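The values are calculated or read from the model by the stated rules, or taken from the named source; none is laboratory data. Note that the structure is a prediction, hence the values are computed from the model and not measured. Methodologically, a virtual Cβ is constructed for each residue, glycine included, from the backbone with ideal geometry; neighbour enumeration extends over all protein chains shown.
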Amino acid sequence: KQILLPVPIYIDGAATGQFADLPIAPVKISLGIFSRKARIQDYAWRTLGFLPQPRYEVSRGRRLMVDSGHMEASTAQIHMLNDEGLETKAKKGTKQGCTAQHMHAMLAKILESFVEIQNTGFIFDLHYRGKVYKNVEFIPFVPFIRADTEEADKLCGHFLSRNGNVAQLCRCCECPTKHCD
């Protein structure tokens, strides 16, 4: 009376607007017991949370960073004490985005309640082909996380640079950067 319940996770970045510099990536889950035909439908996926990519060059972003309690917040707090949260000349114009460490901290919070269910499982009455199977224990697990290149690279701590000094632009192909348009 136990059933393994695959729960694939999907992370895909999206722009918030044409002129906005604030990308966001929803973290979605579905159930692997759905057919493939059902899983490609929007209604089969639920959003657990969002991974924003805050920029830290302005006062408000740095204040949010300090208030988050993140490990890097102590450094940001020192800078805020020195310049009261305003841009410093050294950092002016830089656009430091969401690092892998930030992404993992946000994912840990988003998946916190899912991890509890994954560790304990749950009892459910399964309706399958017109028959009811009482008190079936589902044991959820994550078989894979599907993500775009940028989110996948951050997720596994991969080098994110896409400039001309990198051997290849994509982890999926072997085309050298110098041969790319």
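Residues that are touching a helix residue (DSSP H, G or I) at 6+ places or on another chain (Cβ under 8 Å) and at pLDDT below 90 within segment 12-33 comprise ASP12, GLY13, ALA25, listed in sequence order. Has segment 102-110 got any residue that is of a type in the set (Val, Ile, Thr), surrounded by 11 or more Cβ atoms within 10 Å (Cβ to Cβ) and over 18 Å from GLN53 (Cβ atoms)? No, segment 102-110 has no match at all. Go through GLY93, GLY49, GLY97 for me and flag whichever is under 19 Å from the mean Cα position of the chain (by Cα) and at pLDDT below 65. On inspection, the qualifying residue turns out to be GLY97.
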